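A.B. asks: Please read through the structure below; I'll follow up with questions.
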Amino acid sequence: MDKKVDELLKEVCLEIAKRYQIEFIEIGTDKEHVHFLIQSVPTYSPTKIIQTVKSLTAREIFKQVPEVKRKLWGGEFWSDGYYVTTVGRHGSEETIQKYVQDQGKDEEYQQLHEQQLKLFS
C-alpha cells in the first residue's frame, strides 16, 4: 500500500459515503492491510457494507492505477476474508477509533491490539 494507493482508497471511500449511507469515521492503512471504522444504517448488514466497500474500492483502484493489479498475487486487491465487530456493550468507539488511526505505527498498534483483545474476551 503505497501513498498513491492509500490516498486513492480514501478518496473512493469519500465517494462511497456520498452515494450510500455509509460513513467512514476512520480509515487506517498499513503496508498490507486496511482497517475501517464505519457507521451505517441498520438496514445494511455488515456483509453488505463490506461487499460494497471492497468491490467499489478495488474497481476504482485498478481502473486508476492499473499497475497495482499486476503487482498483486492473484490480481485481487482484497482477500476473501474479513473481520467485523460492532461497537456496543463490550467495546468503546473511542478505543476502536484510536486503533484504526494508529495503523502503521508498530509499537502503538501492538498495544492497542492487545487492549482490543482484552476488551472482547
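Readers should treat all values here as calculations from the given coordinates under stated rules, not as data from a laboratory. Keep in mind that this is a model prediction, so the values were computed, not measured. Glycine gets a Cβ as well: all are built from the backbone with ideal geometry, and neighbour counts include every protein chain shown.
A.B. asks: Rounded to the nearest 0.05, what FRET efficiency is calculated for residue 95 and residue 44 with R0 set to 22 Å and r the Cβ-Cβ distance?
C.D. replies: That gives a FRET efficiency of 0.40.
A.B. asks: Sticking with this one: Amide H of residue 26: which non-local residues (sequence gap of 5 or more, or other chain) have their own amide H closer than 5 Å, using H built in the peptide plane?
C.D. replies: Here 37 satisfy the definition.
A.B. asks: With no solvent and one point per C-alpha, what does the Debye sum give as log10 I(q)/I(0) for region 3-87 at q = 0.10, 0.17 Å⁻¹?
C.D. replies: After summing over all Cα pairs, the log10 values are -0.24, -0.70.
A.B. asks: A follow-up question, please. Test of understanding: ordering 23, 32 by Cβ neighbours within 10 Å, fewest first, what list do you get?
C.D. replies: Exposure proxy ranking, most exposed first: 32, 23.
A.B. asks: Now for a separate question. If I model a spin label at residue 25 and residue 56 as a point 7 Å from the Cα along the Cα→Cβ vector, what separation in nanometres do I get?
C.D. replies: 1.9
A.B. asks: In percent, how large is the relative contact order of region 3-87, given Cα pairs closer than 8 Å and 6 or more residues apart?
C.D. replies: 24
A.B. asks: Straight-line reach from residue 31: which lysines have a Cα under 24 Å away, not including same-chain ones fewer than 8 places off?
C.D. replies: 3, 4, 10, 54, 63, 69, 71, 98, 105
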